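To start, the structure under review is shown below, and the notes come after it.
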Amino acid sequence: MDVDPSFERVVGDHYQNLYRFAPSLSQNEADACDLVQQTFSIYARKGHQLRDGSKVKTWLFTTLRREFFSTRRRSERFVDEPPDEATTPDLSEDRLSSLDGEAVMSALGKLPLEYREPLTLFYLEEHSYQDIANQMDIPIGTVMSRLSRAKRRLRALLENE
Amino acid sequence: MSDDNKNFDVTDRAIADLLRQVGPPSDLRRNLMALAPQKPRPAVPFWIWGFACALLVIAFVASLSFRGPSLDKAQSDLSSFLASDFQLSVTGKPISNLQAWLAGQNAAVGTSVPGSLAKIAPEGCRVIEWEGHRASLICFDTGGGKVIHLVMFEPGTFRNLPTSPKVAERGPWSMASWRGPDADYLMFGQTSAQDLRRFL
């Protein structure tokens, strides 16, 4: 019997971005792989119930996030900090050129979960503020403020590494 | 790409590009494909099931027809006929002449007449129509009012005929049946089985 070609297409389209997102939750490559596999395992069983193909990406990211929180006690406390009006510093061109993907992942890993998650989704580019708000089940304004603070912290980490 | 991405500044773009350099482990995709559901087999259209059923019925009917006529019924019908006051079409000729005449009548006729019977001058012959089969009958007067009848059908008319004569008694008749190289043979005589074996 042949493999369902639609499943192969969905894996090809989304598994890399899901893998890049998963470490923002698990902070561990092995756990990230497990999360991605668990997500596609659920998709293999239930994906046919998705009638709107454009919702597949959101469904996969939401499912991965739900799986993470359903198997892990939230040890990190989510605290909304007051808005910080400070401007977000730019990284120098020299500093940017000296960085690589691993350095960015390492710096992301040092951020608290409530910053890591929206920031990773943001940098995966195809996620709008509204997508991130829907997936994290928080107001869009909270997404924007967390992103602002998260970017500032990340840039500070990258500048000083 | 969403409109929110216009919020990307140069640093965001650079960080996003760096993040995208992080690739998954080489075996992740293979592991994910192992989770793939199997492509469902296409449903078999109803007409194919109908066609298959029709073929089965045809095959069943054909197998019935290939079973051939019943030897038991043939022996029963023919012994009744032979006990009746039937007429011979040709009389007083050598057996080879009778065989030639029967072949000319498009009747099944064998040339492998048992040797002991072939030594007896035949009384005569005729064609017998039975169950759509055109068979030959040659009668041999063995003396003392005792007649042996040899009926020949197309080879393969009856299923499971032995190649060596099989003798059985039924009422006043003794009957032998076997498959020869050129015909299915049935032999009848109103005598004992032991006596009939003398002519085989």
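The values are calculated or read from the model by the stated rules, or taken from the named source; none is laboratory data. All values reported here derive from a predicted model rather than from experimental measurement. Every residue, glycine as well, gets a Cβ built from its backbone with ideal geometry; the counts of neighbours run over all protein chains shown.
Output the helices (runs of 4 or more DSSP H) that fall wholly within the stretch B:19-110 and possess 2 or more residues being within 37 Å of the chain's Cα centre (by Cα) and among the hydroxyl-bearing types (Ser, Thr, Tyr), or say none.
Details: elements: B:28-33, B:46-66, B:71-82, B:95-104.
Filter on the stretch B:19-110 gives B:46-66, B:71-82.
Can you tell me which residues in the stretch A:27-57 are touching a residue at least 24 places away in the same chain (Cβ under 8 Å), closer than 17 Å to residue B:32 by Cβ and either outside any helix (DSSP H, G or I) or more than 10 Å from chain B (Cβ to nearest Cβ) (or both)? First the steps, then the outcome.
Going residue by residue through the stretch A:27-57, those that are touching a residue at least 24 places away in the same chain (Cβ under 8 Å) are A:27, A:35-36, A:38-40, A:42-44, A:47, A:56-57.
Those left that are additionally closer than 17 Å to residue B:32 by Cβ: A:35-36, A:38-40, A:42-44, A:47, A:56-57.
Passing the criteria: A:35, A:56, A:57.
Is one or more of the residues making up the stretch A:38-45 closer than 24 Å to residue A:129 by Cα and either in contact with a helix residue (DSSP H, G or I) (Cβ under 8 Å, 6 or more places away or on another chain) or surrounded by 15 or more Cβ atoms within 10 Å (Cβ to Cβ) (or both)?
Quick first cut of the stretch A:38-45, residues closer than 24 Å to residue A:129 by Cα only: A:39.
Checking which are either in contact with a helix residue (DSSP H, G or I) (Cβ under 8 Å, 6 or more places away or on another chain) or surrounded by 15 or more Cβ atoms within 10 Å (Cβ to Cβ) (or both) leaves us with A:39.
Yes: the stretch A:38-45 contains one or more residues that are closer than 24 Å to residue A:129 by Cα and either in contact with a helix residue (DSSP H, G or I) (Cβ under 8 Å, 6 or more places away or on another chain) or surrounded by 15 or more Cβ atoms within 10 Å (Cβ to Cβ) (or both).
Are any of the residues in the stretch A:108-123 within 13 Å of chain B (Cβ to nearest Cβ), part of a helix (DSSP H, G or I), more than 18 Å from residue A:61 (Cβ to Cβ) and out of contact with any His (no Cβ under 8 Å at 6 or more places or on another chain)? Write out each step before concluding.
The first filter runs over the stretch A:108-123 and keeps only residues within 13 Å of chain B (Cβ to nearest Cβ), leaving A:108-109, A:111, A:116, A:118-123.
Imposing the further condition that a residue be part of a helix (DSSP H, G or I) reduces the set to A:108-109, A:116, A:118-123.
Narrowing the set further to residues that are more than 18 Å from residue A:61 (Cβ to Cβ) leaves A:109.
Next, only the ones that are out of contact with any His (no Cβ under 8 Å at 6 or more places or on another chain) stay: A:109.
Yes, the conditions are met somewhere in the stretch A:108-123.
Of the conditions (1) touching a His at 6+ places or on another chain (Cβ under 9 Å); (2) without any contact (Cβ under 8 Å) to a residue 24 or more places away in the chain; (3) under 30 Å from residue B:126 (Cβ atoms), residue B:84 fails just one. Which one is it?
(1)
Taking residue B:87 as meeting all but one of (1) modelled with pLDDT of 90 or more; (2) surrounded by 13 or more Cβ atoms within 10 Å (Cβ to Cβ); (3) not charged (D, E, K, R), write down the number of the exception.
Only one criterion in (1) modelled with pLDDT of 90 or more; (2) surrounded by 13 or more Cβ atoms within 10 Å (Cβ to Cβ); (3) not charged (D, E, K, R) is unmet by residue B:87, namely (2).
Among the residues of the stretch B:111-142, how many are basic (Lys, Arg) and under 28 Å from the mean Cα position of the chain (by Cα)?
Of the stretch B:111-142, the ones basic (Lys, Arg) are B:119, B:126, B:134.
Pick out the ones that are also under 28 Å from the mean Cα position of the chain (by Cα) and you get B:134.
The total comes to 1.
Scan the stretch A:93-106 for residues that are farther than 18 Å from residue B:24 by Cα and in contact with a helix residue (DSSP H, G or I) (Cβ under 9 Å, 6 or more places away or on another chain) and report the count.
Going residue by residue through the stretch A:93-106, those that are farther than 18 Å from residue B:24 by Cα are A:93-99.
Next, from what is left, pick out any that are in contact with a helix residue (DSSP H, G or I) (Cβ under 9 Å, 6 or more places away or on another chain): A:93, A:95-97, A:99.
Number satisfying all stated conditions: 5.
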